[in-house]
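Heads up, the thing below is written out as structure tokens.
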């Protein structure tokens with residue numbers, strides 16, 4: 001038996017992270033070499049790196065696999081990237097599904113780390129690519145804008161409730177209106193900062209000028225999609241992007257039971273949220289390729305929301321195609337062909353409202 005590679009699974013939290021190193025051979029047998037816990041600090045990263053190479057007895061490649069846990073995994077991923085290591089970051093739901101498939105009934109951080117190590121050993125996963133400074137800043141600004149917008153909605157709801165309350169609450173009303181004004185000023189400032197950042201980055205600005213010709217794609221929607229996809233760096237084709245955004249369609253089928261198909265929503269919900277208004281706008285302004293899709297889906301299903309979701313998905317795919325080809329939007333080129341990533345040329349809008357369907361077992 002010949003060993004093929006080492007795989008290190010990492011399960012992190014705010015204070016520390018569990019790590020497990022395993023090795024896989026040509027018979028697909030995975031053997032756990034060691035497990036340990038390290039602090040989620042620069043000193044802990046150094047100790048972790050030394051620990052890995054202490055247990056690496058053979059000259060084999062080492063792959064690291066961790067869950068995306070927001071800010072808690074980023075520093076370690078950056079540390080490994082700067083060390084020239086091969087690191088993969090996956091969504092938590094993918095790790096969860098894999099661990100469930102192995103039949104494990106007990107869950108703790110150590111078992112999760114072992115499961116990730118096994119997953120990394122068995123599968124050929126795409127490597128993590130860090131965000132550029134500008135896109136990282138853009139992501140922080142757009143997420144701040146989203147947070148402020150949610151706060152504004154909450155306060156407006158409270159203000160509306162007070163206006164119809166039994167008693168006159170002048171102090172509370174004044175406090176809410178003062179806070180709302182402050183949030184509105186902050187929103188204007190953040191929007192200016194987003195626009196300034198786009199204008200200063202020649203590559204992003206060039207892409208924006210071409211893609212924003214689509215009615216409905218404004219500065220904020222453009223910024224969110226670019227920031228949440230890292231400029232589409234990790235996507236080889238439209239199918240991967242559609243799945244990442246949660247627009248992939250699934251079907252729950254068992255025997256004679258066939259449930260209605262629906263989008264998975266297992267992905268980046270910020271992309272789906274920001275595409276809601278652009279989809280409405282493109283249909284309202286009768287953009288040909290989007291309006292025809294909306295009418296087709298609505299006539300078939302009788303559900304407007306399904307039709308709008310189909311438009312959102314097509315908008316995202318068009319955004320991706322224009323970005324990859326570095327071309328400006330032309331409402332009349334719906335019959336042209338395009339090569340996206342490593343795919344063979346195919347009609348740009350071959351993806352309809354359904355696309356490929358994933359069949360899943362009942363929960």
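No value in this document is a laboratory result; all are computed from the given coordinates. It should be emphasised that the depicted structure is a prediction, and the values quoted were computed from it without experimental measurement. No Cβ is skipped: glycine too gets one built from the backbone with ideal geometry, and neighbour counts run over all protein chains shown.
For a quick size check, give me the Cα extents of the chain along its three principal axes, largest first, whole Å.
Extents along the principal axes: 67, 57, 51 Å.
Can you give me the orientation-averaged projected area of the convex hull built on the Cα atoms of segment 3-122, in nm²?
6.8
What are the extents of the Cα atoms of segment 78-159 along their three principal axes, listed from largest to smallest and rounded to whole Å?
Sorted largest first, the three principal extents are 52, 35, 19 Å.
Please report the antiparallel percentage of DSSP beta bridges with both residues in the chain, rounded to the nearest 5.
The answer is about 65 percent antiparallel.
To the nearest 500 deg cm²/dmol, what mean residue ellipticity at 222 nm is calculated for the chain from DSSP H runs of n ≥ 4 alone, each contributing -39,500 (n - 2.57), summed and divided by the residues?
-17000 deg cm²/dmol
Could you tell me the relative contact order of the chain? Use alpha-carbon pairs under 8 Å, at least six residues apart, and round to a whole percent.
With pairs under 8 Å counted, the relative contact order is 13 percent.
Using a Förster distance of 22 Å, how high is the FRET efficiency between residue 276 and residue 219, based on the Cβ-Cβ distance and rounded to 0.05?
0.85
As a footprinting exposure proxy, order 210, 181 by other Cβ within 10 Å, with the fewest listed first.
181, 210
Using only Cα atoms and rounding to the nearest 10 degrees, what angle (0 to 90) does helix 288-301 make with the longest principal axis of the chain?
80
Once the cut-off is 25 Å, how many percent of the Cα-Cα pairs in segment 66-207 end up in the long-distance tail?
Tail of P(r) above 25 Å: 56 percent of Cα pairs.
Compute the FRET efficiency between residue 147 and residue 305 as 1/(1 + (r/R0)^6), taking r as their Cβ-Cβ distance and R0 = 25 Å, and round to the nearest 0.05.
Once rounded, the FRET efficiency stands at 0.45.
Given R₀ = 41 Å, what would the calculated FRET efficiency be for residue 261 paired with residue 170, taking r from the Cβ atoms and rounding to 0.05?
0.20
For the pair residue 163/residue 195, report the inter-label distance in nm, with labels modelled 7 Å from Cα in the Cβ direction.
2.8
Taking the Cα atoms of segment 133-200, what is the range of coordinates along each of the three principal axes, in descending order and whole Å?
51, 15, 12
Could you work out which residue, out of 208, 72, 308, moves most in a Gaussian network model of the chain, that is, has the largest mean-square fluctuation with Cα springs under 10 Å?
72
Suppose the chain between residue 28 and residue 123 were pulled fully straight at 0.36 nm per residue; how much longer would it get relative to their current alpha carbon spacing?
33.2 nm
Order these by the 10 Å Cβ neighbour count, fewest first: 119, 277, 305, 66.
305, 277, 119, 66
Expressed in nm to one decimal, what extension gain is obtained for the pair residue 71 and residue 13 from 0.36 nm per residue of sequence separation less their Cα-Cα distance?
Between residue 71 and residue 13, full extension yields 19.9 nm more.
Against the longest principal axis of the chain, how steep is helix 71-82, in degrees 0 to 90 to the nearest 10, with axes from Cα atoms?
Tilt relative to the chain: about 60 degrees.
Just to be sure I understand: with springs between alpha-carbon atoms less than 10 Å apart, which residue in 137, 69, 153 has the highest mean-square fluctuation in the Gaussian network model of the chain?
153
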